[in-house]
Amino acid sequence: MNTLRGLGACAVLAGIAYTVTKVTQVDVIVLGFTCLAVTVTVLSWILSIKRSRHDRRAAGGGRRARRS
């Protein structure tokens with residue numbers, strides 16, 4: 001399975017290299033990829049916060065439990 005994963009990574013890198021050589025407006029593609037990466041990162045951060053709050057409440061912790 002790791003061999004296939006490595007081949008997939010090589011295929012992605014080859015696709016990126018081919019795209020960069022064939023596209024004339026590389027800066028637009030880089031900007032789009034950067035915006036996509038930032039959006040995915042922020043969404044995963046928000047979901048992580050929601051999950052940790054849910055887990056804390058399910059475990060009986062949280063601010064209310066510490067004060068009493």
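The values are calculated or read from the model by the stated rules, or taken from the named source; none is laboratory data. Note that the structure is predicted; figures quoted are calculated from it, not measured. Positions of Cβ are backbone-derived with ideal geometry, glycine not excepted, and every protein chain shown enters the neighbour counts. Only protein heavy atoms, including side chains, enter the accessible area calculation; ligands, DNA and RNA are left aside. Shrake-Rupley method; radii C 1.70, N 1.55, O 1.52, S 1.80 Å.
Computed values, structure above
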{"read-out": "Pairs of Cα atoms farther than 21 Å apart, the chain, %", "value": "59 percent"}
{"read-out": "LYS22 accessible area, assembled protein chains, probe 1.4 Å, Å²", "value": "130 Å²"}
{"read-out": "Magnitude of the charge dipole, the chain, Cβ model with Lys/Arg +1 and Asp/Glu -1, debye to 20", "value": "900 debye"}
{"read-out": "Nearest-10 value in Å² for the accessible area of VAL38, using the 1.4 Å probe", "value": "80 Å²"}
{"read-out": "Per-residue ³J(HN,Hα) for region 6-12, Karplus 6.51 cos²θ - 1.76 cosθ + 1.60, θ = phi - 60°, Hz, x for Gly and Pro", "value": "x, 5, x, 5, 5, 5, 5"}
{"read-out": "Solvent-accessible surface (1.4 angstrom probe) belonging to LEU43, in square angstrom, nearest 10", "value": "100 Å²"}
{"read-out": "Between helix 26-58 and the chain: long-axis angle, C-alpha atoms, 0 to 90°, nearest 10", "value": "20 degrees"}
{"read-out": "FRET E, pair ALA11, LEU43, Förster distance 35 Å, beta-carbon r, rounded to 0.05", "value": "0.85"}
